[in-house]
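The values are calculated or read from the model by the stated rules, or taken from the named source; none is laboratory data. Because the structure is a prediction, the values reported are computed rather than measured. Cβ placement follows ideal geometry from the backbone for every residue including glycine, while neighbour counts extend to all protein chains displayed.
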Amino acid sequence: MLQRTHVVQAVGELDQDDAQVARHRQQHFAEALGVRFLAAAEAHLVQLGDAVDQVGHGLAEFAGKLGKLPLLYQPGTRFNYSYSTDVLARLVEVASGKSFDEFLQEPIFKPLYMKDTGFFVPDDKIDRFAATYGPGENGQLKVTDGPATSPYRKQRKFLSGGGGLVSTARDYLRFSQMLLNGGELDGKRLLRKETVQEMTKNQLPAEALPITLANFPMPGVGFGLGFSVRLDTNSEKPAPYAGEYGWSGAASTHFWICPRQDFIVIVMQQYMPFSLRMELALKPLIYAAIEE
């Protein structure tokens with residue numbers, strides 16, 4: 001079943017020391033920003049939908065408009081989930097010389113055989129495309145985005161790095177398994193093991209914790225390079241979830257990976273507005289069933 005996901009987390013490698021965005025003409029944000037700074041979502045760019053309209057814009061034009069706006073907070077003081085991953089998508093375009101959707105194919109989707117992942121659903125797959133639901137009358141659900149009329153039926157100009165792909169549970173599982181394996185799947189290595197370790201480690205300073213997502217406070221959760229990261233303060237006896245990382249999608253999809261317990265959870269719910277209820281209900285049940 002094809003569903004809306006947030007499959008693009010931070011795959012593909014740019015040298016963290018060399019790939020600095022040093023006052024990139026029209027795209028600087030108050031002062032020079034590094035790739036790590038953006039990947040850790042510390043850029044504090046404007047909140048989604050607040051000040052920049054992506055509709056009809058490509059990534060280059062979007063980044064140019066965004067670069068004229070101030071940051072919300074001083075770097076390193078607050079966590080704000082916003083447009084930083086979209087800016088990273090534009091950096092990928094500049095570094096690779098390819099459009100973002102073209103870049104994703106060769107080094108990521110093809111090696112992982114993610115045959116149903118892309119920015120739109122072709123006609124021959126529309127019968128597998130799931131509807132999105134929202135709150136209706138009297139506590140009932142109603143279809144808010146049907147497959148036949150969905151904007152995902154056609155290619156869009158704005159190729160978001162932070163969301164907008166459609167995918168399947170099978171494709172997303174292969175992507176997640178590659179991460180759990182330390183950057184490799186079926187004998188094909190996409191990332192160095194050290195890169196995955198750095199991506200899945202908290203990158204936020206203490207004063208920026210705890211993070212908040214969609215007005216939901218997330219105590220005990222930090223942020224790595226593209227993932228939320230569960231923190232564990234008990235060094236004598238680590239919690240079962242220690243080292244867990246993952247993220248959520250706009251349609252209330254969720255995934256998390258727990259290297260300590262060697263498992264992956266993928267929730268392909270299709271409900272908007274965004275909700276954490278399913279994740280919050282499932283996690284205690286899963287971890288309570290684990291015998292150390």
How about region 112-123: which of its residues are buried (at least 19 other Cβ atoms within 10 Å of the Cβ) and not in a loop (DSSP other than H, G, I, E, B)? Gly118
Output the residues belonging to region 93-107 that are closer than 20 Å to Val166 by Cα and aliphatic (A, V, I, L, M). Leu104
Residue by residue through region 72-102, note down the ones that are crowded, with 19+ Cβ neighbours inside 10 Å and of a type in the set (A, V, I, L, M, F, W, C). Phe79, Val87, Leu88, Ala89, Leu91, Val92, Phe100
Select from region 143-192 the residues that are of a type in the set (Val, Ile, Thr) and over 15 Å from the mean Cα position of the chain (by Cα) and write down the one among them that is farthest from Asp101 (Cα to Cα). Val143
Among all residue pairs at least 6 apart or on different chains, which show Cβ distances below 6 Å where the first residue, located in region 92-114, is more than 18 Å from Asp186 (Cα to Cα) and the second is of a type in the set (Gly, Ala, Ser) and buried (at least 19 other Cβ atoms within 10 Å of the Cβ)? Phe100/Ala89
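Here is a check on your reading of the model: is Leu191 crowded, with 18+ Cβ neighbours inside 10 Å, modelled with pLDDT under 95, outside any strand (DSSP E or B) and of a type in the set (A, V, I, L, M, F, W, C)?
On the way: crowded, with 18+ Cβ neighbours inside 10 Å: yes; modelled with pLDDT under 95: no; outside any strand (DSSP E or B): yes; of a type in the set (A, V, I, L, M, F, W, C): yes.
In short, no.
If we keep just the residues of region 50-71 that are at pLDDT 80 or above, among the hydrophobic types (A, V, I, L, M, F, W, C) and surrounded by fewer than 17 Cβ atoms within 10 Å (Cβ to Cβ), which is nearest to Ser160 (Cα to Cα)? Walk me through how you get there before you give the answer.
Applying the first criterion (at pLDDT 80 or above) to region 50-71 yields 57-71.
Now drop any that are not among the hydrophobic types (A, V, I, L, M, F, W, C), which leaves 59-60, 62-63, 66, 69, 71.
Add one more test, that the residue is surrounded by fewer than 17 Cβ atoms within 10 Å (Cβ to Cβ), and what stays is 60, 69.
Numbers: Ala60: 11, Leu69: 19 Å.
Ranking the qualifying residues of region 50-71, first place goes to Ala60.
So is Thr233 at pLDDT below 90 and farther than 30 Å from Pro273 by Cβ or not? Talk me through it step by step, then tell me what you get.
Numbers: at pLDDT below 90: yes; farther than 30 Å from Pro273 by Cβ: yes.
Criteria met by Thr233.
Which of the following residues is farther than 23 Å from Pro107 by Cα, of a type outside the set (Ser, Thr, Tyr) and out of contact with any Phe, Trp or Tyr (no Cβ under 6 Å at 6 or more places or on another chain): Leu185, Leu204, Leu180, Leu209? Outline the logic, then answer.
Numbers: Leu185 fails: farther than 23 Å from Pro107 by Cα; Leu204 fails: out of contact with any Phe, Trp or Tyr (no Cβ under 6 Å at 6 or more places or on another chain); Leu180 fails: farther than 23 Å from Pro107 by Cα.
The unique qualifying residue is Leu209.
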Looking at (1) in a loop (DSSP other than H, G, I, E, B); (2) more than 24 Å from Leu231 (Cβ to Cβ); (3) under 19 Å from the mean Cα position of the chain (by Cα), can you tell me which one Leu204 breaks? (2)
Just a yes or no: is a residue in region 266-285 among the basic types (Lys, Arg) and buried (at least 16 other Cβ atoms within 10 Å of the Cβ)? yes
Keeping to region 133-172, report how many residues are loosely packed, with under 14 Cβ neighbours inside 10 Å and of a type in the set (A, V, I, L, M). 3
